[in-house]
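In what follows, a structure is listed as C-alpha cells, so that the remarks can point back to it.
Derivation of every value follows stated rules applied to the coordinates shown; laboratory data play no part. Computed from a predicted model, the values in this text were never measured in an experiment. So basically every Cβ, Gly included, is an ideal-geometry build from the backbone, and we count neighbours across all protein chains shown.
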Amino acid sequence: MSFAFNDENKITITRLTKRYPQPKALILPLLWLAQKQEGFISEEAMQIISELSHMPYMHIYSVTTFYTMFKLEKPKKRVLEVCRTLSCELNGSELIKKYLLDAHSDDYEIIEVECMGACGGAPMCTLDGKYLEKVTPKMLEEILNAN
C-alpha cells in the first residue's frame, strides 16, 4: 500500500505552506489531512509528512504517537472516544463509559482519552472524530440509533 495525498489535499497543502513559513509548523495539519483522507496515519503518510515538513521521520512518528487522536491503524469499527479528565469525570463520563461498554462495545471501538479541550461541554465524547458535548446516555442512544 502506498500513500499519496489526494488532489483536494494537495491544494490544501499548498495553501497551508503559504500560511506557515516554517515547514515544521505543517506537521499537525498534515497529520490531520492524512488521517481524514485514510482514516488513520500509515508509515507511508508519515514519511511524506516528514519530507514536506523537513523533519526526521522519527519526529513525525513521535508527534503522531503522542496525541491520542491520531490512529496508526485503520479502525475495525466506528470509534467512540470518551474524555476521562476531571471536568468530564465530575460531570458523568464514568456513567457514559459504563453505558457504552454495556450497550455498544460490539458495534463500536470505545476508547478513553485525555482532555479533548472542550471542558465547558463536559461530559464529552467523539463519534468518528465529531465532538458531542454535554452527553447523556439517552442522548448517545438516540445518536447511535440514528447512525
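Which of the peptides 41-50, 74-83 is most tightly packed, and how do the rest follow, judged by the mean count of other Cβ atoms within 10 Å per residue?
Values: 41-50: 20.0, 74-83: 17.0.
The densest-packed peptide leads the list: 41-50, 74-83.
Between beta-carbons, use under 15 Å as the cut-off and find the net charge around residue 145, counting Lys and Arg +1, Asp and Glu -1. Before the final figure, lay out each step's value.
Working: positive: 78, 138; negative: 106, 107, 141, 142.
Cβ neighbours under 15 Å give a net charge of -2.
Could you tell me the distance between the Cα centroids of the range 1-20 and the range 26-79, to the nearest Å?
13
Would you tally the net charge around residue 91, using a Cβ to Cβ cut-off of less than 13 Å, leaving residue 91 out, and scoring K and R as +1, D and E as -1?
On the way: positive: 84, 97, 134; negative: 89, 94, 133.
Summing Lys and Arg as +1 and Asp and Glu as -1 gives 0.
As an exercise, find the ratio Rg/Rh for the chain from alpha-carbon atoms, using the Kirkwood inverse-distance average for Rh. Present the calculation step by step, with values, prior to reporting the outcome.
Values: Rg = 17.2 Å, Rh = 16.7 Å.
Answer for the chain: 1.03.
If you project the alpha carbons of the range 7-66 onto their three principal axes, what span does each projection cover, largest first, in Å?
26, 24, 16
Tell me which residues come under 5 Å, amide H to amide H, from residue 79 once H is placed; ignore anything under 5 positions away on its chain.
Close amide H contacts, sequence-distant or interchain: 109, 128.
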